[in-house]
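Enquirer: The following block contains the structure, expressed as structure tokens.
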Amino acid sequence: MNDCVSRLTLDRLAERSLCAADESQVVAHLATCARCHAESELMQSARQRFAHHVLARTLPELRARRWRHPIGVQLLPSLVAVAAMVAIIPRLWRAHEPEMSTKGGAALKVFARRQGEVFAVKDGAALRAGDELRFVVTSGGHPFLLLGSIDGAGKSNIYFPFGGEKSERLIAARTELPGSVILDNAKGPERVFALFSKQPIAADELQRALDQLGQKGAAAIRSIQSLAISADLQLSIRIEKVDL
């Protein structure tokens, strides 16, 4: 294996979902490729921060909800309010990926998985509790990313980087963020914001902006597509959590 491996492959390696032959190839590649080894270490660090800062607070509630109702879930371990190391973006989809993008080349793409089926998420799409979301971003020359969301119940989350204090540097121009977000059962709108910048932005600055938007209610979440925050570029996408 001469080419560098993708984040999805590293996710699958961490999840032990690769076949034996592919796993051996990836492990051998990591032993000789400093770039991929550093990427693997960075992702492992992100998973550890998630487990320490998010999972420890949400897992008891998640287990209780799952016991009562199979789709009434909050956050799962391993990326974005949750992370469940799932490789859900088949390469054959890439020619047809809808995206939020700018003329500068930055883009935010969202995919969902429901009962084994993967589909692209468009702005305003109706989704339901238990759907898994995964994010792909293109930097457009902006090396740092901070990603978070606010829902109609006023709950904000910082998805990337998990547990981090500021924006994280993107390793590649096109980055498949590790893990997946599991939607909870709070009905109404949820808007995801991707903040691209040339210098890091404090995570608590995004948290405050999200909370302020949440206080304005569902109508504001549906209509406001950018935050009063010092990002060089903002992209956002809205979903509607409904009973389907």
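The values are calculated or read from the model by the stated rules, or taken from the named source; none is laboratory data. These numbers come from a predicted model, not from an experiment. Backbone-built Cβ (ideal geometry, glycine too); neighbour counts: all protein chains shown.
Enquirer: Do we have GLU165 as at pLDDT 95 or above and acidic (Asp, Glu) here?
Expert: Here the answer is no, as GLU165 does not meet what is asked.
Enquirer: crowded, with 16+ Cβ neighbours inside 10 Å, without any contact (Cβ under 8 Å) to a residue 60 or more places away in the chain and acidic (Asp, Glu): is that true of GLU205 in this structure?
Expert: Yes.
Enquirer: Going by the structure shown, is PRO200 within 30 Å of GLU41 (Cβ to Cβ), in contact with a Lys or Arg (Cβ under 7 Å, 6 or more places away or on another chain) and surrounded by fewer than 21 Cβ atoms within 10 Å (Cβ to Cβ)?
Expert: yes
Enquirer: Do the conditions hold for LEU177, that is, is it of a type in the set (A, V, I, L, M, F, W, C) and either modelled with pLDDT under 95 or surrounded by 24 or more Cβ atoms within 10 Å (Cβ to Cβ) (or both)?
Expert: Yes, satisfied.
Enquirer: Right, next: Pairs needed: first member in segment 212-237, on the phi < 0 side of the Ramachandran plot and surrounded by fewer than 17 Cβ atoms within 10 Å (Cβ to Cβ); second member anywhere, part of a loop (DSSP other than H, G, I, E, B) and of a type outside the set (A, V, I, L, M, F, W, C); C-beta distance under 6 Å; at least 6 residues apart or different chains.
Expert: Matching pairs, first to second residue: ASP232/HIS142; ASP232/LYS198.
Enquirer: Now for a different question. Residues of segment 18-35 being out of contact with any helix residue (DSSP H, G or I) (no Cβ under 8 Å at 6 or more places or on another chain) and loosely packed, with under 14 Cβ neighbours inside 10 Å, which ones?
Expert: Matches in segment 18-35: CYS19, ALA20, ALA21, SER24, ALA28, THR32, ALA34, ARG35.
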